[in-house]
Amino acid sequence: MTNKQWSPDVYLKAWHYATRYHHGQTYGGAEPQEQIDYINHIGSVAMEVLHALAQTPDVDGDLAVQCALLHDVIEDTPVTYDMLKNEFGAQVADGVLALTKDVSLPDKENQMRDSLERIRRQPREVWMVKLADRITNLYYPPFYWTPAKIESYRQEAIIIYEALHGAHAGLAARLSEKIKRYRQFVGEDEN
Ligand code: NI
């Protein structure tokens with residue numbers, strides 16, 4: 001898997017698949033009442049992974065970009081593990097499944113720690129997607145989050161950093177910077 005660059009055709013197949021299944025989904029933006037198309041998040045995560053791949057030749061680029069583009073389809077759309085396996089193969093489906101919360105677990109903290117354990121049993125490319133996902137999610141909090149929610153999200157990011165920073169120095173550095181910068185949002189609504 002050394003020096004395996006990503007292929008534009010592999011990228012496009014996963015991008016179209018993600019676009020189709022996330023169609024119509026939105027999330028809260030930074031501005032009051034702002035809703036952003038979900039695919040914006042997917043494109044941002046893929047960009048972080050591509051940027052990291054450009055610094056790192058000894059990574060399976062196709063695996064990394066497919067997992068990046070598809071990372072939320074099991075969690076947030078009707079797509080199943082078997083559908084992904086049929087379409088993209090077991091390695092991609094296994095990676096995306098590890099990146100998916102097990103909602104049968106009691107609370108968000110357990111769900112996150114369980115997912116991190118499963119990610120750590122996956123190849124480094126899957127760890128990179130989780131780092132990229134949290135970097136992206138720390139650009140700014142949704143307009144409706146309370147300071148307590150924002151702080152707990154920041155604390156979660158520290159746990160993710162501690163579990164996965166060994167996967168990629170560039171992504172680890174970016175996540176560390178975003179965690180520091182995110183502090184500015186915690187006190188914003190306090191008065
Ligand atoms: Ni995500």
Q) Across the range 157-191, what is the total count of residues that are assigned to a loop (DSSP other than H, G, I, E, B), open to solvent by 30 Å² or more (accessible area, probe 1.4 Å) and in contact (Cβ under 8 Å) with a residue 40 or more places away in the chain? A) 4
Q. Under the condition of being among the hydroxyl-bearing types (Ser, Thr, Tyr) and within 15 Å of the ligand (Cβ to nearest atom), which residue from the range 38-70 is surrounded by the most Cβ atoms within 10 Å (Cβ to Cβ)?
A. 38
**Q.** Flag if residue 134 is charged (D, E, K, R) and open to solvent by 60 Å² or more (accessible area, probe 1.4 Å)
**A.** no
Q | Close pairs (6 angstrom Cβ cut-off, 6 or more residues apart or separate chains): under 14 Å from residue 30 (Cβ atoms) and touching a residue at least 24 places away in the same chain (Cβ under 8 Å) in the range 134-153, within 16 Å of the ligand (Cβ to nearest atom) and basic (Lys, Arg) anywhere | A | 138/178
Q) Looking at this structure, is residue 33 polar (S, T, N, Q) and touching a residue at least 60 places away in the same chain (Cβ under 8 Å)? A) yes
**Q.** Options 92, 103; residue that is of a type in the set (A, V, I, L, M, F, W, C), within 16 Å of the ligand (Cβ to nearest atom) and crowded, with 21+ Cβ neighbours inside 10 Å
**A.** 92
**Q.** Out of 125, 117, sole residue that is modelled with pLDDT of 95 or more, away from the ligand (no atom under 12 Å from the Cβ), crowded, with 23+ Cβ neighbours inside 10 Å and of a type outside the set (A, V, I, L, M, F, W, C)
**A.** 125
Q) In this structure, does residue 89 turn out to be in contact with a strand residue (DSSP E or B) (Cβ under 7 Å, 6 or more places away or on another chain) and small (Gly, Ala, Ser)? A) no
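Listed here are the residues, each with its yes/no results for (1) within 16 Å of the ligand (Cβ to nearest atom); (2) modelled with pLDDT of 95 or more; (3) on the phi > 0 side of the Ramachandran plot; (4) buried (at least 17 other Cβ atoms within 10 Å of the Cβ).
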residue	(1), (2), (3), (4)
85	no, yes, no, no
99	yes, yes, no, yes
150	no, yes, no, yes
155	no, yes, no, no
Q. Hey, does the range 19-37 have a residue that's modelled with pLDDT of 95 or more and closer than 16 Å to residue 132 by Cα?
A. no
Q: Identify, from the list 18, 54, the residue that is assigned to a helix (DSSP H, G or I), out of contact with any helix residue (DSSP H, G or I) (no Cβ under 6 Å at 6 or more places or on another chain) and closer than 28 Å to residue 159 by Cα.
A: 54
Q) Right, residue 11: away from the ligand (no atom under 16 Å from the Cβ) and in a helix (DSSP H, G or I) or not? A) yes
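The values are calculated or read from the model by the stated rules, or taken from the named source; none is laboratory data. Keep in mind that this is a model prediction, so the values were computed, not measured. Cβ coordinates were reconstructed from backbone atoms using ideal geometry, including for glycine residues, and neighbour counts include every protein chain displayed. Note: areas computed on protein heavy atoms with side chains; ligands, DNA, RNA excluded. Shrake-Rupley method; radii C 1.70, N 1.55, O 1.52, S 1.80 Å.
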